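Since the structure comes first, as structure tokens, the remarks are kept for the end.
The values are calculated or read from the model by the stated rules, or taken from the named source; none is laboratory data. None of the values given here were measured: they were computed from a predicted structure. Neighbour counts run over all protein chains shown; Cβ positions are idealised from the backbone, glycine included.
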Amino acid sequence: MDTFVVAGAGLTGAKAVETLRAEGFGGRIVLVGAEPDLPYERPPLSKGYLLGRDDRPSVFVHDEKWYADQGIELLTGRRVTALDRAAHEVELAGGERIGYTKLLLATGASPRRLRVPGNDLDGVHYLRRLSHADRLRDALATGGRVVVAGAGWIGLETAAAARHHGCPVTIVEPAESPLHATLGPEVGGFFAGLHRRHGVELRLGTGVTGFEGDSSVSAVLTDDGEIPADVVVVGIGARPETQLAADAGLAVDDGVLVDAGLRTEDPDVFAAGDVASVWQERYGRRVRVEHWAAATNGGPAAARAMLGREVVHDELPYFFSDQYDAGMAFTGWFPPGGYDRVVTRGDAEAFHAFWLAGGRVVAGLHVNRWDEGLDAVRELIHSGRTVDPDRLADPARPLTD
């Protein structure tokens with residue numbers, strides 16, 4: 001009997017095993033996860049769950065009974081520590097070995113650590129796991145002074161949640177605007193204004209140099225002074241968990257390298273989700289995306305590839321965010337500096353933004369514009385045609401014919 005093993009029991013892994021059964025695979029499926037919890041979705045950890053609006057069961061992809069009913073062996077609190085490609089086996093912590101016919105690496109990513117003095121003090125938080133969100137939600141409930149290191153998506157969403165809990169909040173960011181590397185300064189300025197309007201102090205162009213405190217953090221040291229703090233949240237990005245693949249001799253470079261069908265150079269080993277650097281013909285390069293859509297779409301695509309189907313995983317990257325009264329969604333991709341113009345459409349509170357390169361739309365964002373979704377933006381990106389910037393900017397004119 002064929003055995004399919006999935007290393008990593010996050011959203012990617014859960015959607016992969018769900019698809020394997022839905023597509024008729026009748027063999028053995030083993031889903032191995034290092035965390036003790038059932039597979040869960042990560043977006044609520046910095047949104048509804050952190051705000052206290054979502055309860056714990058709501059974040060799980062399936063309940064425990066579902067895995068039993070589907071005949072899926074779910075091994076939580078177990079880590080895959082080694083991959084023996086020649087023997088077609090994985091080894092778990094403790095020495096147990098499981099043979100596989102096909103293997104999916106869905107090991108995800110872990111938070112980048114801020115390597116400064118005092119980074120091991122109590123009260124310094126990272127947000128990646130459900131257990132992290134539990135501890136941070138409890139900390140925010142005290143209403144203490146919060147300092148957020150990093151103005152990326154996690155940092156901004158966490159700052160909004162802290163304000164929801166009534167905490168004074170300061171964001172420290174070395175770039176000149178929030179989301180500078182992701183969206184550039186043109187749209188990053190909107191997010192700076194959004195947070196300032198909700199009482200957040202932003203210290204831009206400033207880096208964190210250390211944390212102070214006896215056993216718990218009491219202050220954050222920065223390039224331009226000291227900030228009192230009871231709670232610190234570090235959100236400076238994530239790194240893909242590639243060690244398992246690298247130790248097994250698979251090619252890695254900011255992710256496990258896979259083709260458009262999510263296959264590594266080993267025909268029986270696949271990778272998807274945050275850990276996968278996927279060949280994208282559209283861009284002529286590999287792209288690694290850490291957002292929810294990479295997991296919810298990548299898991300099923302990898303499952304179909306494992307079943308021998310022809311798969312081209314080339315869906316446009318997509319993510320969404322909710323901060324205060326602003327809901328937003330983004331689709332597309334460009335490397336840092338990979339655009340030459342930004343066109344906006346709408347007003348300061350509800351608008352579209354389009355990133356153009358060579359007259360073509362490469363990405364689009366909408367903020368509070370639910371009457372005009374992202375389908376038209378996707379059509380513009382897929383078409384690759386040059387666009388009229390004046391038409392893009394005019395809300396009275398349709399985005400596409």
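Scanning the stretch 351-384 for residues that are polar (S, T, N, Q) and more than 24 Å from the chain's Cα centre (by Cα) yields a total of 1. Residues that are among the acidic types (Asp, Glu) and within 17 Å of the chain's Cα centre (by Cα) were ranked within the stretch 266-314; the one that is farthest from residue 12 (Cα to Cα) is 290. When residue 356 is tested against the conditions (1) more than 30 Å from residue 53 (Cα to Cα); (2) among the aliphatic types (A, V, I, L, M); (3) surrounded by fewer than 18 Cβ atoms within 10 Å (Cβ to Cβ), the lone failure is (3). With respect to residue 166, determine if the residue is out of contact with any strand residue (DSSP E or B) (no Cβ under 7 Å at 6 or more places or on another chain) and modelled with pLDDT under 95. Considered against the rule, which asks whether it is out of contact with any strand residue (DSSP E or B) (no Cβ under 7 Å at 6 or more places or on another chain) and modelled with pLDDT under 95, residue 166 comes out as no. Residues in the stretch 85-122 that are hydroxyl-bearing (Ser, Thr, Tyr) and within 26 Å of residue 40 (Cβ to Cβ): 100, 107, 110. Residue 172 fulfils the conditions (1) surrounded by fewer than 22 Cβ atoms within 10 Å (Cβ to Cβ); (2) more than 30 Å from residue 305 (Cα to Cα) except for a single criterion, (1). Annotation: residue 117 fulfils all but one of (1) within 27 Å of residue 245 (Cβ to Cβ); (2) in contact with a Ser or Thr (Cβ under 9 Å, 6 or more places away or on another chain); the unmet one is (1).
Suppose the filter is among the small types (Gly, Ala, Ser) and free of Cβ contacts under 8 Å to residues at least 40 places away in the same chain; does residue 255 pass it? Here the answer is yes, as residue 255 does meet what is asked. What are the residues in the stretch 120-143 that are among the β-branched types (Val, Ile, Thr) and either in contact with a Lys or Arg (Cβ under 7 Å, 6 or more places away or on another chain) or modelled with pLDDT of 95 or more (or both), if any? The one that is among the β-branched types (Val, Ile, Thr) and either in contact with a Lys or Arg (Cβ under 7 Å, 6 or more places away or on another chain) or modelled with pLDDT of 95 or more (or both): 124. Which one is farthest from the chain's Cα centre (by Cα), of the residues in the stretch 321-337 that are outside any strand (DSSP E or B) and at negative phi? Only one residue tops the list, namely 325. Say whether the condition of being modelled with pLDDT of 95 or more, touching an Asp or Glu at 6+ places or on another chain (Cβ under 7 Å) and closer than 28 Å to residue 384 by Cα is met by at least one residue in the stretch 247-254. No, the conditions are met nowhere in the stretch 247-254. Residues in the stretch 175-191 that are over 18 Å from the mean Cα position of the chain (by Cα) and within 22 Å of residue 209 (Cβ to Cβ) were compared, and the one that is surrounded by the fewest Cβ atoms within 10 Å (Cβ to Cβ) is 176. Annotation: residue 73 fulfils all but one of (1) surrounded by 15 or more Cβ atoms within 10 Å (Cβ to Cβ); (2) of a type in the set (Asp, Glu); (3) free of Cβ contacts under 8 Å to residues at least 12 places away in the same chain; the unmet one is (3). Scanning the stretch 160-178 for residues that are free of Cβ contacts under 8 Å to residues at least 60 places away in the same chain and among the aliphatic types (A, V, I, L, M) returns 169, 171, 172, 175.
Here the strands (runs of 3 or more DSSP E) wholly within the stretch 222-304 that include at least 2 residues being within 24 Å of residue 378 (Cα to Cα) and hydrophobic (A, V, I, L, M, F, W, C) are 276-280. Within the stretch 334-360, being under 20 Å from residue 288 (Cα atoms) and touching a residue at least 24 places away in the same chain (Cβ under 8 Å) holds for 334, 336, 338, 339, 355.
A residue that is surrounded by fewer than 19 Cβ atoms within 10 Å (Cβ to Cβ), modelled with pLDDT under 95 and under 19 Å from residue 268 (Cα atoms) can be found somewhere in the stretch 1-15. Taking the stretch 125-161 as the range and being hydroxyl-bearing (Ser, Thr, Tyr) and surrounded by 19 or more Cβ atoms within 10 Å (Cβ to Cβ) as the test, the residues that pass are 126, 158.
Looking at the stretch 93-118 only, could you name the residues that are surrounded by fewer than 17 Cβ atoms within 10 Å (Cβ to Cβ) and touching a strand residue (DSSP E or B) at 6+ places or on another chain (Cβ under 7 Å)? Across the stretch 93-118, the qualifying residues are 93, 97, 99, 101, 110, 112, 116, 117.
Of all positions in the stretch 281-292, at least one carries a residue that is surrounded by fewer than 20 Cβ atoms within 10 Å (Cβ to Cβ), more than 17 Å from residue 112 (Cβ to Cβ), hydrophobic (A, V, I, L, M, F, W, C) and assigned by TED's automatic domain parsing to the domain that holds residue 15. Taken as a whole, the stretch 379-394 holds at least one residue that is part of a helix (DSSP H, G or I), under 16 Å from residue 280 (Cβ atoms) and at pLDDT 90 or above.
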